[in-house]
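Single-structure report; data block below.
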Amino acid sequence: MSNPEFTHVAAVDLGSNSFHMVVMQLSDGRLQVVDKLKESIRMAAGLDENNNLSEEAMERAIDCLLRFGQRLRDMPKGSVRIVGTNTLRKAKNSEEFLTRAEEAVGHPIDIISGYEEARLIYLGVSHSLEDNSKHRLVMDIGGGSTEFILGQQFKPKKTESLHMGCVNFSKKYFKKGKIDLRSMYKAELAALMELETIEKRYRKIGWESAIGASGTILAINNVVTEQGWSKDGITSESLSKLKKYLIEAAHVDNIKLEGLASDRRAIFPGGVAILSASFKSLEIDQMVVSDGALREGAIYDLLGRIRKEDVREGTVETLEEHYRINTEQADRVEKNALDFLSQAQESWKLSDYKPQLRWAARLHEIGIAICYSQYHKHGYYLLSNLDMPGFSRYEQQLLATVVRGHRRKFPRAEIDLMPKSYRSTAEQLCILLRLSVVLHRAQSDIDLPDIKLKVDQKKIKLTFPEGWLEEHPLTRADLEQESEYLEAAGFGLKIK
C-alpha cells in the first residue's frame, strides 16, 4: 500500500431503494469486512412528477447518513468512497441534498453515471467470485435502474443501464400494492420494451454464466430456494411459480414468503417483473447470485486510487490515443500548469485538485479532432458527453468546464451550471490552464524561464526575469489579451 495510514477503507452506496455501508480492514494486502449497515430509504419513491426529491425523502436519507457518519466521520480523508445512483442522477434538487448529506456523513459524495455504476457493480461481483475465466453476464436490479454488464475476469466489456427499477416499476404498475395478471403483464411488457435496445447485441456477444447482484435478485433467490422451487439459483420455472404466487396474493400486504424481508414486499412485484422480462428477452435459463455489488466495487476502485492504479488515468490515456492528441504539447502545458498550481495551491486551496488540472492539461486540445475553429467548445461537448470510466458526474463536468475555459472568452455560463461548491475551483483551474496555454502557444521545446506566480483571491501576478518579455513581444501581447479576458470575468492579471 502506498498509503500506510489507511488501515481501514469504506464505501457507501446511496441506492434508489436502500443505503448500504461497508467498512473493511486492510491487513497484509487483504480485505476483511469489519462492519456493515443497510437501511431502506426508498429515495426513488420520494421523486415527484417534476423529479424533485421531497423534503420527507431527504430527511429520511439525512437521518440515515447521520448514523453512517458516526461510524465514518473520523476515518481519514480519501479512505471513504460514497456514490449516488439513479435517483440522485434524476433529482433536479440533488445539489441541495448533497450539501446537507455531505455535512451529515463527513465525506464527499460522488453522483455516478449509469455506465459507471455498471462498471463498479461488475468490479464488485468479479472480486466476490472464483476467477474461472468464463464470459459473464452480470445483472443488478436497483430501485430506479437496472444494470447489465458483459465481462470476463475483472474486465467489463459492455455496460448498459436501463431506466427500470423495482421502486419505480412497483409504483407505476402495482399501484397501491395491488397485483393482478394485467398489472404483471403491463410491467413485463414495459421491461421488454426497455430491453429491446440491448437484447440483440448482448445475445450476439454471448456469455457462459449469468450472475445476479444486490437486494432484489438476492431476495428472489432466497424466496425460490426457501419455497423449494429451485435448488441452484434462479430458474425460468421458479420465476413462473413466483409470479403465479404474487398474482394469487393480489396485494403486497398478503405476500408471506420465507426469505423476503417485510420492508421489501412493497417493491417486490416490480423487481420480479423486471427479472422475468430479462430472462425472456436475453434467453436466460438460470442465474446464480453474488454477494458482491456496487459498494464492494467502490471499495476496490478506491483501493486502485490509493495504490496509484486509478482507472481515471487509463481513461485519460485512452482518450489521448483515440483522439490523437499532441502529447508533446500536452506535456509542456501540464508541466507549466502543475508548476503554477504548486505556487497557487495554498492561497487558492487547490491541493486536492492536482489530478484534475493535469487531466485538463492532457486533454485541452481534444476538440481539435472535430475542428480547430472553436475547438475549446468542441472539447467541452466531448468531455461532457463521453463515457468516462472512473469519473463521477461532477468530476467529468469540472474537467469539461476547465477545458472549455482554457482559451478565449471566460466560460461564465458553463461555470454557473456547476454546483456552487465547484464554481470557485473551476475558475481557478481555468486560469492556471489558460496561463500555461498562452505561454506555450509557440509549441516550442525551448524551456521557459523561472516565472513567479502570486495569487490573492481575484488578483493574479506573473513576474518574469528582467528583460525576458521585451525579448518575446508575442508572448507579452498574448498575456495582455489574456488580461482583458480575465478582467471581463472579474479577475485582475498583473504582468511584471
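Quick notes
- Within the same chain, lysines fewer than 8 places from Lys496 are excluded, and of the rest, those with a Cα less than 25 Å from its Cα are Lys335, Lys349, Lys409, Lys452, Lys454, Lys458, Lys459, Lys461.
- Phi-based couplings in Hz for the range 313-322 (Karplus 6.51, -1.76, 1.60; Gly and Pro marked x): 4, x, 5, 5, 4, 4, 5, 4, 6, 5
- In sequence order, the range 226-237 has phi-based couplings of 5, 7, x, 7, 7, 9, 9, x, 9, 10, 4, 5 Hz under the Karplus curve 6.51 cos²θ - 1.76 cosθ + 1.60, θ = phi - 60°, and Gly or Pro positions carry x.
- With a simple spin-label model that places each label point 7 Å from the Cα along the Cα-to-Cβ direction, the separation between Glu283 and Ala261 comes to 3.7 nm.
- Cross-link reach is defined here as a Cα-Cα straight distance under 19 Å, omitting same-chain residues fewer than 8 places apart; for Lys241 the lysines meeting it are Lys178, Lys186, Lys231, Lys256, Lys280.
- Rel. contact order, % - alpha carbon contacts under 8 angstrom, at least six apart, the chain: 12 percent
- Between Gln457 and Lys244, the FRET efficiency from the beta-carbon distance, with R0 = 60 Å, is close to 0.30.
- Here the chain is assigned +1 on the Cβ of each Lys and Arg and -1 on the Cβ of each Asp and Glu. Its dipole about the Cα centre then comes out at about 960 debye.
- From least to most packed, judged by other beta carbons within 10 angstrom and beginning with the fewest, Phe154, Phe340, Phe279 follow the order Phe154, Phe279, Phe340.
- A straight Cα-to-Cα reach below 17 Å connects Lys244 with the aspartates and glutamates Asp180, Glu188, Glu226, Asp253, Glu258, residues fewer than 8 places away in its own chain not being considered.
- With at most 16 other Cβ atoms within 10 Å, longest stretch of the chain clear of loop GluC sites (Glu not before Pro) (DSSP): 310-465
- Extension gain for the segment Glu102 to Gln152, taken as residue separation times 0.36 nm less the Cα-Cα distance, is 14.5 nm to one decimal.
- The number of Lys pairs in the range 8-112 with C-alpha atoms less than 26 Å apart, excluding pairs fewer than 8 positions apart on the same chain, is 4.
- Relative to the longest principal axis of the Cα atoms of the chain, helix 294-306 runs at roughly 30 degrees.
- Overall, the anisotropy analysis places the range 310-445 in the rounded class: the square-rooted eigenvalues a ≥ b ≥ c of its C-alpha gyration tensor yield a/c less than 1.5.
- Interchain or long-range residues, amide H under 5 Å from Asp35's placed H: Val23
- Panel order for Tyr115, Tyr185, by other beta carbons found within 10 Å of each beta carbon, from fewest to most: Tyr185, Tyr115.
- Counted by neighbouring Cβ atoms within 10 Å, the residues His163, His364 run from fewest to most as His163, His364.
- Model label points for Val34 and Lys409, set 7 angstrom from Cα along the Cα-to-Cβ axis, are 5.5 nm apart.
- Dipole axis of the chain (+1 Lys, Arg; -1 Asp, Glu on Cβ), positive-most option in Ser79, Leu341, Gly390: Gly390
None of the figures in this text is laboratory data; all of them are computed from the coordinates on show. If you're wondering where the values come from, they're calculated on a predicted model, not measured in any experiment. Heads up, the Cβs are rebuilt from the backbone with ideal geometry, glycines too, and the neighbour counts pull from every protein chain shown.
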